[in-house]
Amino acid sequence: MAGEPWSVTSGGLVLHVRLTPKGGRDAIDGIETMSDGRSVLKVRVRAVPSEGEANAALCKLIAKSLHVPARDVTLAAGATSRVKRLEIAGDGAALMAQLKAAVQNG
């Protein structure tokens, strides 16, 4: 594995995600290393990629997985791309531990 798709910041956690809309279910599918060497968290959602529905579903799924309010999860980059950067407000170390558990549990 090239690394982890998240990093702790002073305000919380930055997470790099590869989103698959219309994925049949809402789920975290693990960590993937992309062709350029970057690690991303693979996530699928049922929502369609129109009018921000898939992005909203992504933020909601990550918030639920990390047990934080949805308002604490912000789409920072990649609104129209499959690869996105999320910023999650809170205690970065605690969020990282919860995210690792969520990845292991699927």
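Worth pointing out:
Conditions (1) touching a residue at least 60 places away in the same chain (Cβ under 8 Å); (2) not acidic (Asp, Glu), marked per residue:
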| position | (1), (2) |
| --- | --- |
| Pro5 | no, yes |
| Gly12 | yes, yes |
| Leu15 | yes, yes |
| Thr33 | no, yes |
| Asp36 | no, no |
| Val43 | no, yes |
| Val48 | no, yes |
| Ala54 | no, yes |
| Ala57 | no, yes |
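- Unmet criterion (only one of (1) in a strand (DSSP E or B); (2) touching a residue at least 60 places away in the same chain (Cβ under 8 Å); (3) not charged (D, E, K, R)) for Val103: (1)
- Residue within segment 83-96 that is surrounded by fewer than 12 Cβ atoms within 10 Å (Cβ to Cβ) and in a loop (DSSP other than H, G, I, E, B) present: no
- Among the residues examined, Gly23 qualifies as part of a loop (DSSP other than H, G, I, E, B), without any contact (Cβ under 8 Å) to a residue 24 or more places away in the chain and not β-branched (Val, Ile, Thr).
- Verdict on Glu53 being charged (D, E, K, R) and either crowded, with 17+ Cβ neighbours inside 10 Å or modelled with pLDDT under 90 (or both): no
- Selection status of Ser7, of a type outside the set (A, V, I, L, M), surrounded by fewer than 16 Cβ atoms within 10 Å (Cβ to Cβ), in a loop (DSSP other than H, G, I, E, B) and out of contact with any Pro (no Cβ under 8 Å at 6 or more places or on another chain): no
- Only a single criterion out of (1) touching a strand residue (DSSP E or B) at 6+ places or on another chain (Cβ under 7 Å); (2) loosely packed, with under 14 Cβ neighbours inside 10 Å is not satisfied by Asp29, namely (2).
- Evaluation of His16 against the conditions (1) at pLDDT 95 or above; (2) in contact with a Ser or Thr (Cβ under 6 Å, 6 or more places away or on another chain); (3) not charged (D, E, K, R) shows that the sole unmet condition is (2).
- Total residues in segment 10-26, condition over 10 Å from the mean Cα position of the chain (by Cα) and either more than 18 Å from Lys60 (Cβ to Cβ) or surrounded by 14 or more Cβ atoms within 10 Å (Cβ to Cβ) (or both): 8
The values are calculated or read from the model by the stated rules, or taken from the named source; none is laboratory data. All figures in this text were calculated on a predicted structure; none of them were measured in a lab. Counting neighbours? That spans all protein chains shown, and the Cβs are built from the backbone with ideal geometry, glycine included.
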